1. Please work out the ratio of the alpha-carbon Rg of region 47-131 to 2.2 N^0.38 Å and round it to two decimals.
2. Determine by what factor the alpha-carbon radius of gyration of region 16-168 differs from 2.2 N^0.38 Å, reporting the quotient.
3. Excluding same-chain residues fewer than 8 positions from Lys84, which lysines have a Cα within less than 27 Å of its Cα?
4. Please give the contour-minus-distance gain from Lys164 to Thr23: 0.36 nm per residue of separation, less the Cα-Cα distance, rounded to one decimal in nm.
5. Please enumerate, by chain and number, the aspartates and glutamates with C-alpha under 13 Å from the C-alpha of Lys62, excluding those fewer than 8 residues away in the same chain.
6. I want the local charge near Arg63. Using Cβ-Cβ distances under 14 Å, sum +1 for each Lys or Arg and -1 for each Asp or Glu among the other residues.
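The numbers here are math on the coordinates, done by the rules we state, and not lab data. The shown structure was predicted, so the numbers you read here are calculated from the model rather than taken from an experiment. Here the Cβ positions follow ideal geometry from the backbone for every residue, glycine too, while neighbour counts run over all protein chains shown.
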Amino acid sequence: MTLNVLFAASDLYLGNTIWYLITFAFLLLLIKRYAWGPVSEMMEKRRQKVINDLDSAASERKRAETLANEREAALKNSRQEATKILSDAKDNAQKTSTEIVAGANSEAASIRQKAEEDAKQAKAKALEDARQQVADISVAIAEKVIAKNLSAEDQKDLVDQFIKGLND
């Protein structure tokens, strides 16, 4: 009896087990058709999106590095240009300063020469005036001493002789 119950129970279990296996296989087929395909497709799309995002990030990083290098080079060039502009400005200022000083020196020399010429002319005029006055005084004295009037030609000769005597 115990053996019969055992065989009966094992038949029951064997039938249930087969039923469960068939149901499980059917469910696997349904899952594969309706769930596994869309999930796999969704996972593949997600994988492609991640790959594309990584590629895009890498290319953007390279582009950013390129732009940073270009900006650095442009900044370096700007600094060099600024240094060159400052150097040129200093050179131009030095040249202009030199030209102004040379012009001022030349003008001062010209003014000095003109002043010397004016002084010579003034001296010559003063000497001429002094001669004239000396001549007039000499004539006046001579007239009184000699009691005669000298001619203008005689006066001139006397003055010239007197001046020659002063210069010697």
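1. Output field value: 3.02.
2. Taking the Cα Rg and dividing by 2.2 N^0.38 Å, one obtains 3.90.
3. Within reach: Lys76, Lys95.
4. Contour length minus the Cα-Cα distance gives 35.0 nm.
5. Here the aspartates and glutamates satisfying the reach criterion relative to Lys62 are Glu70.
6. Net charge in that neighbourhood comes out at -1.
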